[in-house]
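Working notes for the structure below.
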Amino acid sequence: MDEKIHLDLQDFSEEQFMESFLKEIQSEEAVFILGIFLALALVVLTVVFFGNFWGSSKARNAVLLLGLCDSGKTLLFTRLLLGKFVRTQTSITESSATYKSKDDRGGSWTLIDVPGHESLRVQIVEKHKAVARAVVFVVDSSIFQKDVRDVAEFLYSILTDNIVAKNAPTLVVACNKQDISMAKSAKLIQQQLEKEMNTLRLTRSAALSSQDGAVGGSVYLGKKGKDFEFSQLPNRVEFIECSARGSKDDGGADIDAIEKCLAKL
Amino acid sequence: MLDFFSIFSKGGIVLWCFQGAGVSESFTGPVNALIRSVILQERSGNNSFTHNALSLKYKLDNEFELVFVVGFQKILTLTYVDKFIDDVQLHFRDRYKNELEQRGALKFLLNNFEFGDDFHRLLREAEVSSKAKAPASMRNFNESEKSKKTVKSMIETKDGDKSKEQGGKKSKNAKKEGEKCKRLSIKQITKANGNEGLTQEEIIERNRAKFISKHKISVVLYSKSPKPQKPKGKVNRVWDMSGKSIGELDYSGTNGNNSSDAQNQDPDATAEPFLHLNLLHLQLIWNVHSVWFLCRAKKGGFGGMFGMLKGLVGSKNLTQEDMEPVLEKMRDHLIAKNVAAEISSQLCNSVAKKLEGKVMGTFTTVASTVKQALQDSLVQILQPKRRVDILRDVLEARSQRKPFVITFCGVNGVGKSTNLAKISYWLIENGFTVLIAACDTFRAGAVEQLRTHQRRLNSLHPLEKHGGQPAVQLFEKGYGKDAAGIAMEAIAFARNQVFDVVLIDTAGRMQDNGPLMTALAKLIAVNTPDLVLFVGEALVGNEAVDQLVKFNQALADHSKTDKPRLIDGIVLTKFDTIDDKVGAAISMTYITGQPIVFVGTGQTYSDLRSLNARAVVSALMKA
């Protein structure tokens, strides 16, 4: 009997509690609900803000070192990072490291050295092309005449890639190996490349479509009807001369021009 | 003796190198050739390679992304090189473990890898060990076993068992004595021979006593050596009512009626030690397990549970045994997709070599890592190793005022003539003039077939577009003539009449047919075409390997120059007839290393495509 009464009392007190709670809410209704909405809005804003911030910081802070085999990319990579000379072999995998430009103003970038071998370069460029802020295309100036078609084809395939064309990264064509006496100048290389790219525009657009119906890179470089020139591209293009090895093996390399370019990014 | 030894990272930075005395030329060239032809073409199954006069052996370290290469003269046969490379690798890893475990490419540049002293020491040890194995010297007569036997024991008589036994026991005795002290003295021989006087039982007793005293085995088990009776052996289990009664089949202790017979056979004396053994066994198992747990925990770095969890989640090294089942499955999968059998196994071996010792990321399984690596290597194989742009090359030839010559070769019935017509259609569409040379002077109707194609193509492309000249012309000299001669005349004609491209159609021939292969090789060697295309159908399976190898062999053998013209490209035909089984593409590119230039996907003029490596590999890896 006692227990029963005790229970009843308990029920009664709970009811009262609920009622009083509801009353309280109704009294402070406006402020309470307003508070909730404000909090939700703040949360949404923060999420959106951080999403954008992260997105932008993730994107495009990489500098890709591209080029044919034996053009001097790995040595250039070492010179830019540490300034010292190392012996190199053909790269099998890509190397990446953080590069801080010598000026205080310049930011820091991720420098990625992509192997030049034909069977590797396509896959590795696929992986990193979305985050490329700049492309340093290294050209071997001493054997350029022989390789002009291969160089142009590689450059063309990079520039007509959909993602690269959309992002329009800065293009720096580094005419390497200037220490060899037969090296061509940057101006000559630019002219030859323009001529070659002109021809490639024709032949590559007439190329066969691939077997599942996809047509590669429908980007048209430059202006229709006029000869191709690098100035017609939306990207910022610069041709500079450099020598990763330097005139003596231990001497300083002549890469100041590249460093200035990178600092300007 | 070694010409050079080089340790470099997979990113291309040389960490340490050694150049043998008297070697003047740099080793960069041979090592680059090794990388290009072996590692990048997924042929890393066997780890040696020859380049001119040098023989190169290499080893990949996948955990720290290093490559170890040693080079020596081909004529020397150095036996210690394999083991030497392994030793150097282990030594280098142990010594520079801290530096190599840092992340990023800077670790290779910032640290100084001074390995010279260790290297020379290891080299000296290896050279010494290879010389140290002197041949075993022959034993002299006294030490041989023959001297221990008596003449009598070696005589075979009809009832010679007894005498043999006696002799046998004597020799056993003598041998035991000989084992104790390594030389057999004459005294002991006479002692052994003195046994002849005793009776057989006495001899047995004496031997047994000696045996026990020498080996000190617990006598308990051996005291009952004359066993009263041998156990009966296996008794056939009788199934009453074919075993349908469950009650009868229950052989547990409580229901011991049927089993009591069997159990009574075992002597009681052995039951106790058996039990004792069981307990011992259990205790041993428990000890082993606890020790194993502790070891694993210690390896993990933290104590107890954390160590084991770490081993489950990440940072585990891949070993050959881990990868073996996955690779087996992958090999069968590739073979099911029409990749040639030996190429599948070579590919899987190469992937295993590339992944051995690699540290897996978190939450990745062995299967996914292996599949990803296999996919990457397949895409790598299908990527062309040189620039493939026929139109650009034709323009180049046009600017040099000579025709661009393409030759089509292959076995019977793969689609050479059909695809030749498709390619000429494509070239005409792009504004070039084409001359078709009918060098198939054997097959009935071959020339007429090409003439029909020529007429059709000309009607599709009116004359005005090509400056009044017909777009396609056929150069033929009928049947039965020499194909090489016709080709030469066709090229001269094209040069005179300023044609852009010459397409040479040859007769289909089996790769085993000696005279025909010689004729083809002669055609190619004499006319030096700009492009030699091998036409292969996508339906072919293991035959593709044989065809390509023999064709290349024939072209290399019958060419007079030291740089023979081999197959430059592949035309893969009848691609529309296979759905997923695209393995022939892999087989052909793997064998030759040349790209697939055209893909034929049907029987009309517009059914010509280029290869999309990614699409082919995804079709190949699809379950």
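The values are calculated or read from the model by the stated rules, or taken from the named source; none is laboratory data. All figures in this text were calculated on a predicted structure; none of them were measured in a lab. So basically every Cβ, Gly included, is an ideal-geometry build from the backbone, and we count neighbours across all protein chains shown.
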**Request:** Identify the residue in segment A:116-143 that is part of a helix (DSSP H, G or I) and in contact with a strand residue (DSSP E or B) (Cβ under 8 Å, 6 or more places away or on another chain) and, among all such residues, is farthest from B:ASP376 (Cα to Cα).
**Result:** A:VAL131
**Message:** Looking at the structure I just gave you, is B:VAL31 buried (at least 18 other Cβ atoms within 10 Å of the Cβ), within 9 Å of chain A (Cβ to nearest Cβ), within 20 Å of B:VAL81 (Cα to Cα) and in contact with a helix residue (DSSP H, G or I) (Cβ under 6 Å, 6 or more places away or on another chain)?
**Reply:** no
**Request:** Hey, could you check segment A:63-87 for residues that are β-branched (Val, Ile, Thr) and touching a strand residue (DSSP E or B) at 6+ places or on another chain (Cβ under 6 Å) and say which is farthest from A:LEU159 (Cα to Cα)?
**Result:** A:VAL86
**Prompt:** Looking at B:THR506, B:THR592, B:THR561, B:THR518, which is the one that is touching a residue at least 60 places away in the same chain (Cβ under 8 Å) and either surrounded by fewer than 23 Cβ atoms within 10 Å (Cβ to Cβ) or over 24 Å from B:ASP389 (Cβ atoms) (or both)?
**Reply:** B:THR506
**Prompt:** Residue check, B:ARG43 against (1) modelled with pLDDT of 75 or more; (2) away from chain A (no Cβ under 12 Å); (3) surrounded by 15 or more Cβ atoms within 10 Å (Cβ to Cβ), all met but one. Which one?
**Reply:** (1)
**Complete:** Within segment A:144-186, the count of residues that are over 21 Å from A:CYS242 (Cα atoms) and either touching a strand residue (DSSP E or B) at 6+ places or on another chain (Cβ under 6 Å) or among the small types (Gly, Ala, Ser) (or both) comes to 3
**Fill in**
Considering segment B:419-448, residues that are among the polar types (S, T, N, Q) and farther than 17 Å from B:VAL405 by Cβ, and then whichever is surrounded by the fewest Cβ atoms within 10 Å (Cβ to Cβ), we arrive at B:ASN430
**Asked** What is the one condition in (1) touching a strand residue (DSSP E or B) at 6+ places or on another chain (Cβ under 6 Å); (2) more than 10 Å from every other protein chain (Cβ to nearest Cβ); (3) among the β-branched types (Val, Ile, Thr) that B:THR601 does not satisfy?
**Response** (2)
**Output for segment B:578-598, where each listed residue is of a type outside the set (S, T, N, Q) and either assigned to a helix (DSSP H, G or I) or away from every other protein chain (no Cβ under 13 Å) (or both)** = B:LYS581, B:GLY583, B:ALA584, B:ALA585, B:ILE586, B:MET588, B:TYR590, B:ILE591
**Filtered residues of segment B:102-118 (kept if in a helix (DSSP H, G or I) and surrounded by fewer than 17 Cβ atoms within 10 Å (Cβ to Cβ))** = B:LEU106, B:LEU110, B:GLY116, B:ASP117, B:ASP118
**Item:** Positions within segment B:354-409 being on the phi > 0 side of the Ramachandran plot and either buried (at least 19 other Cβ atoms within 10 Å of the Cβ) or not assigned by the TED database to the domain that holds B:ALA340 (or both), in sequence order
**Value:** B:ARG401
**Request:** For segment B:411-423, enumerate the residues that are more than 14 Å from every other protein chain (Cβ to nearest Cβ) and out of contact with any Ser or Thr (no Cβ under 8 Å at 6 or more places or on another chain).
**Result:** B:VAL411, B:ASN412, B:GLY413, B:SER417, B:LEU420, B:ALA421
**Request:** For segment B:54-68, indicate whether the set of residues that are part of a helix (DSSP H, G or I) and closer than 27 Å to B:CYS348 by Cα is non-empty.
**Result:** no
**Prompt:** How many of the residues making up segment A:198-208 are touching a helix residue (DSSP H, G or I) at 6+ places or on another chain (Cβ under 7 Å) and either away from every other protein chain (no Cβ under 11 Å) or assigned to a helix (DSSP H, G or I) (or both)?
**Reply:** 4
**Request:** Run B:SER48 past the list (1) free of Cβ contacts under 8 Å to residues at least 60 places away in the same chain; (2) of a type in the set (Gly, Ala, Ser); (3) within 14 Å of another protein chain (Cβ to nearest Cβ) and report the number of the one that doesn't hold.
**Result:** (3)
**Request:** Return the residue satisfying two criteria in turn: it lies in segment A:60-115 and is among the acidic types (Asp, Glu) and surrounded by fewer than 24 Cβ atoms within 10 Å (Cβ to Cβ), and of such residues it is nearest to B:GLN102 (Cα to Cα).
**Result:** A:GLU94
**Asked** Which residue out of A:LYS187, A:LYS166, A:LYS195 is within 14 Å of another protein chain (Cβ to nearest Cβ) and surrounded by fewer than 18 Cβ atoms within 10 Å (Cβ to Cβ)?
**Response** A:LYS195
**Request:** Specify the residue that is surrounded by the fewest Cβ atoms within 10 Å (Cβ to Cβ); the eligible residues are those in segment B:612-623 that are within 11 Å of another protein chain (Cβ to nearest Cβ) and either touching a helix residue (DSSP H, G or I) at 6+ places or on another chain (Cβ under 7 Å) or not hydrophobic (A, V, I, L, M, F, W, C) (or both).
**Result:** B:SER618
**Message:** Of everything in segment B:536-550, what is in contact with a Lys or Arg (Cβ under 9 Å, 6 or more places away or on another chain) and closer than 27 Å to B:ARG387 by Cβ? Give them in sequence order.
**Reply:** B:GLU537, B:ALA538
